Ligand SMILES: Nc1ncnc2c1ncn2[C@@H]1O[C@H](COP(=O)(O)OC(=O)CCCC[C@@H]2CCSS2)[C@@H](O)[C@H]1O
């Protein structure tokens, strides 16, 4: 292993973007250090996992279980394609859930606030943990901008007041969010290195029309990848290791953590499962309403009519739904039956399709066809 020494500590060569990380493995000794039973210095880690929920659970585990008094921990991680929304956001207003479902891109709700971002293996995430007293997001971002400047002095990278990092004054390469608890804090940010820009654009658009809500909206920006401006920039973890050491000082080499290791992180599996659950991901959406017009064109008869849809949603569940169809296209009693079936259901295409199937089967011919058309049109609003 190639060893670099720096300010009295050692880091083994690690290329986060070439998947050849060769670093110290996390040991019980290191855990003792993390828990503060003897070693109180600043530490730097890299997650071995590329699972978004495991990595978010690792952040939460560290924040909850590690004594951060007077010290900093720095975690580098990446995940496979995923959309990550902020704690107080509405996924239906932020992303195209249908496109994500078809592409197999999971949605994750994190515990920090802020907007929605796209992750894949070309996006590096950096999490800065500290006690509240040492919480300083501009200083953390300096670690990132200095790392990039040192690696590629020609790059014009700057942190903005709202804690984005922009390239050439206008293209966003990094977004920030943070979480403060009573004693501990973490500030995490993304860094677009070589992410799939067209996937990012295609999933970060709302799938549901007519949403009214108080949820936090994202601030959409023009984004760019670092490799579009510095093609040979590959070794992201080493440059950040040095930069973190320079800014804060360091007491250890870069260590690899495995967040699926329950013996090192007791209870982490449970934390990851909770983050993966429907109740957290969708159920935590602030209450909202949908007010929209549905187009009910009939491909067979070329007839066209419209319906008004009004839905109220609480905890991701349909708490009330009213559909008004024009011109007696379908009997109102049948529409009311459909609304009754939908009330209390999750706002989820699969759940709703299963719930309405019995009602649809109980009708025949033209009525059945129209009821089917109406339910499919309502389902299409769910993304
Ligand atoms: N990966 C990534 N990096 C930077 N900017 C992005 C990214 N994906 C999308 N965007 C752009 O940012 C806006 C949203 O900006 P907005 O400012 O609303 O939100 C954020 O930046 C949140 C950053 C959260 C960082 C966490 C760190 C670890 S887990 S997620 C989006 O509409 C796109 O235009």
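Rule-based calculations on the coordinates, nothing more; no lab input. Quantities reported herein were computed from a predicted structural model and do not represent experimental measurements. No Cβ is skipped: glycine too gets one built from the backbone with ideal geometry, and neighbour counts run over all protein chains shown.
Using only the Cα atoms of the stretch 288-380, construct the convex hull and provide its projected area averaged over every direction, in square nanometres to one decimal.
Numbers: hull surface 22.0 nm².
Over every viewing direction, the Cα hull of the stretch 288-380 projects on average to 5.5 nm².
When the Cα centres of the stretch 226-294 and the stretch 103-166 are compared, how far apart do they sit, in Å?
If you average the Cα positions of each part, the centres end up 11 Å apart.
Against the longest principal axis of the chain, how steep is helix 52-65, in degrees 0 to 90 to the nearest 10, with axes from Cα atoms?
It works out to around 60 degrees.
Which angle between 0 and 90 degrees, to the nearest 10, do you get for helix 332-342 versus the longest principal axis of the chain when only C-alpha atoms count?
It is inclined by approximately 30 degrees.
Given labels modelled 7 Å from the Cα in the Cβ direction, how far is it in nm from residue 377 to residue 139?
5.9 nm
Kirkwood hydrodynamic radius, the stretch 324-376, all distinct C-alpha pairs: what's the number in Å? Let's see the in-between values first.
Values: mean 1/r = 0.0882 Å⁻¹.
For the stretch 324-376, inverting the mean 1/r across all distinct Cα pairs yields 11.3 Å.
Where does each of 323, 379 land when they are ranked from fewest to most other beta-carbon atoms within 10 angstrom?
379, 323
Measure nothing fancy, just the Cα-based angle from helix 137-151's long axis to the longest principal axis of the chain, in degrees from 0 to 90, nearest 10.
On a 0 to 90 degree scale, this one is about 70.
Starting from the Cα-Cα distance between residue 278 and residue 358, subtract it from 0.36 nm times their residue separation and give me the gain in nm to one decimal.
Working: separation 80, 0.36 × 80 = 28.80 nm, distance 2.43 nm.
Using 0.36 nm per residue and subtracting the Cα-Cα distance, I get 26.4 nm.
Given only helices, namely DSSP H runs of n ≥ 4 each adding -39500 (n - 2.57), what is the per-residue ellipticity at 222 nm of the chain, to the nearest 500 deg cm²/dmol? Numbers along the way, then the final one.
Working: 12 runs with 120 residues, N = 383.
Mean residue ellipticity, 222 nm, calculated: -9000 deg cm²/dmol.
Can you put 192, 302 in order of Cβ neighbours within 10 angstrom, beginning with the fewest?
Details: 192 27, 302 7.
Ascending number of Cβ neighbours within 10 Å: 302, 192.
Of the listed peptides 236-243, 329-336, 134-141, what is their order by residue-averaged count of other C-beta atoms within 10 Å, with the highest listed first?
Values: 236-243: 22.8, 329-336: 14.9, 134-141: 17.9.
My ranking of the peptides, most packed first, is 236-243, 134-141, 329-336.
In what sequence do 193, 304 fall when counting other Cβ within 10 Å, fewest first? Write out the running numbers ahead of the final one.
On the way: 193 22, 304 10.
Fewest-to-most ranking of 193, 304: 304, 193.
Most mobile of 328, 308, 201 per a Gaussian network model of the chain (Cα springs, under 10 Å)?
Comparing 328, 308, 201 in a Gaussian network model of the chain, the most mobile one is 328.
Given C-alpha coordinates of the stretch 3-281, what is the ratio Rg to Rh with the Kirkwood estimate of Rh?
Numbers: Rg = 18.0 Å, Rh = 19.0 Å.
With Rh from the inverse mean 1/r over Cα pairs, Rg/Rh is 0.94.
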